[in-house]
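Just below is one structure, and these are the notes that go with it.
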Amino acid sequence: MSDRIVITVTLNPSIDAPIALDELHLGGTNRCLSSRLEPGGKGINASRVIRRLRGETLACGLAGGSTGALLRQCLNDELVPHAFEQTESQTRLDVMIYERGVERRTRLLEAGAPVTEHEVEALRYRLRKLAPGRVVVLGGSLPPGVSPATYHDFVAALNACDARCIVDASGEALVQVLAAHPALIKPNEEEASQVIGRRITSDEDVVDAAYELQRRGARTVVISRAEKGAIGVDELGGAWKIEVPRVLVRSTIGAGDSMVGGIALAFSRGESFAQALALGAAAGTASVAAADRELCRLQEVETLVPRVSIKSITPRMRVEA
């Protein structure tokens, strides 16, 4: 395999069923205007975005049952290479309801079915063989019963293989992975706030939060801020403010995953931190503006990249982890 292949890891993937209608009438009959089935999960979405941006990727994870088979078929349809460990439990199904008449969104999310320790270990073994020298994205929720230390353990093992790990997680899983020194983490403002235990409202708050997450172990940190863009802190402690162009917001689902996909792709190509931020921000913005609540497309991302503003906002200094 090429060293430029970005490996993504999704431990709790899903089949997503977006349904559009004028307005949801609880307890009544509702006729849908449109519906489809598509693969879901943070790592999987990152792979889908990388594939759309003409990068090389391999989606890995855990999948089982008829929905797991459908997940594989959906990825085949999008020409996304994949290598999932078969599980005894069924891959979860998530439903997204979009009410066009009232501009309202409702999500019905399954927690997912439990997986066995053997299945998790089989995936970890596969990754140790695939990951040396490559960028690896780990993202999303963990299946019920799986330890929140799992991402920490995966990153520690992958670091030993000289992989470059990007983690998009939240809650206790994010807290614990920091000690394994991932190459990059990408929480949003709310997720970062939960970890550091205080509110984030201003640019200064975001920079302080990023530095704190870095002191706790992350090598680089990107905190996404929806329409406000993002703030990133590099390995030398330099802080960068990312401003994105204004677009018509159609859906925010998948925007963060798209940003991670763009950053991972840039890293795999040996591009700078600033270049990675620009590509990630453009991919996230393109997904927000995409018609039919789709993920970003290459043409739109290429148009947006030069419109993303990346500014250094503090002098560089080395930050000790």
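The values are calculated or read from the model by the stated rules, or taken from the named source; none is laboratory data. Just so we're clear, the structure is a prediction, and the values are computed from it rather than from any experiment. We place every Cβ from the backbone using ideal geometry, glycine too, and count neighbours over all the protein chains shown.
Of all residue pairs spaced 6 or more apart or on separate chains, those with beta-carbon atoms under 6 Å, a first member in segment 37-63 that is over 17 Å from Ile253 (Cα atoms) and at pLDDT 95 or above and a second member that is of a type in the set (S, T, N, Q) and outside any helix (DSSP H, G or I) are Arg51/Thr57; Glu56/Ser2; Ala59/Thr8; Gly61/Thr10; Leu62/Thr87; Ala63/Thr91.
Just to verify a result, which residue in segment 178-215, among those that are in contact (Cβ under 8 Å) with a residue 60 or more places away in the chain and not in a loop (DSSP other than H, G, I, E, B), is surrounded by the fewest Cβ atoms within 10 Å (Cβ to Cβ)? Within segment 178-215, the match that is surrounded by the fewest Cβ atoms within 10 Å (Cβ to Cβ) is Arg215. Counting the residues of segment 63-108 that are in a strand (DSSP E or B) and either aromatic (Phe, Trp, Tyr) or within 23 Å of Ser2 (Cα to Cα) (or both) gives 5. Restricting attention to segment 3-15, does a residue exist that is at pLDDT below 95 and over 13 Å from the mean Cα position of the chain (by Cα)? Checked segment 3-15: at least one residue is at pLDDT below 95 and over 13 Å from the mean Cα position of the chain (by Cα).
Taken over segment 3-20, residues that are part of a strand (DSSP E or B) and either under 26 Å from Arg269 (Cβ atoms) or among the hydroxyl-bearing types (Ser, Thr, Tyr) (or both) amount to 6. For first residues located in segment 101-126 and under 17 Å from Thr67 (Cβ atoms) and at pLDDT 95 or above, partners that are of a type in the set (Val, Ile, Thr) and surrounded by 13 or more Cβ atoms within 10 Å (Cβ to Cβ) and lie 6+ apart or on another chain with Cβ distances below 7 Å form the pairs Val115/Thr87; Val115/Val146; Glu119/Thr87. Considering only residues that are buried (at least 19 other Cβ atoms within 10 Å of the Cβ) and of a type in the set (Gly, Ala, Ser), look in segment 221-236 and name the one that is modelled with the lowest pLDDT. Step by step, filter segment 221-236, then rank; the result is Gly229. Scan segment 100-107 and give yes if some residue there is farther than 20 Å from Ala283 by Cβ and crowded, with 21+ Cβ neighbours inside 10 Å, otherwise no. No: zero hits. Filtered by the rule that a residue be in contact with an Asp or Glu (Cβ under 6 Å, 6 or more places away or on another chain) and either among the small types (Gly, Ala, Ser) or closer than 17 Å to Val233 by Cβ (or both), segment 143-186 gives Ser170, Lys186.
In segment 69-82, is there at least one residue being crowded, with 17+ Cβ neighbours inside 10 Å and closer than 17 Å to Val146 by Cβ? No, segment 69-82 contains no residue that is crowded, with 17+ Cβ neighbours inside 10 Å and closer than 17 Å to Val146 by Cβ. Given the structure, is Ser258 hydroxyl-bearing (Ser, Thr, Tyr), assigned to a helix (DSSP H, G or I) and either over 25 Å from Asp94 (Cα atoms) or in contact with a helix residue (DSSP H, G or I) (Cβ under 8 Å, 6 or more places away or on another chain) (or both)? Yes. Screening Ala218 against (1) under 17 Å from Ser258 (Cβ atoms); (2) crowded, with 24+ Cβ neighbours inside 10 Å leaves a single unmet condition, (1). Would you pick out the residues in segment 239-273 that are surrounded by 21 or more Cβ atoms within 10 Å (Cβ to Cβ) and of a type in the set (Asp, Glu)? Answer for segment 239-273, where residues must be surrounded by 21 or more Cβ atoms within 10 Å (Cβ to Cβ) and of a type in the set (Asp, Glu): just Asp257. Evaluating Leu265 against the criteria (1) farther than 27 Å from Arg54 by Cβ; (2) aliphatic (A, V, I, L, M); (3) modelled with pLDDT of 95 or more; (4) in contact with an Asp or Glu (Cβ under 9 Å, 6 or more places away or on another chain) leaves one unmet condition, (1).
Taking the criterion of being part of a helix (DSSP H, G or I) and surrounded by fewer than 17 Cβ atoms within 10 Å (Cβ to Cβ), the residues of segment 127-164 that qualify are Arg128, Lys129, Asp153, Ala156. In this structure, does Ala173 turn out to be in contact with a strand residue (DSSP E or B) (Cβ under 9 Å, 6 or more places away or on another chain), over 26 Å from Ser272 (Cβ atoms) and part of a helix (DSSP H, G or I)? Yes; evaluated as a whole, the condition is true for this residue. Screening Val49 against (1) under 30 Å from Val146 (Cα atoms); (2) of a type in the set (Val, Ile, Thr); (3) surrounded by fewer than 19 Cβ atoms within 10 Å (Cβ to Cβ) leaves a single unmet condition, (3).
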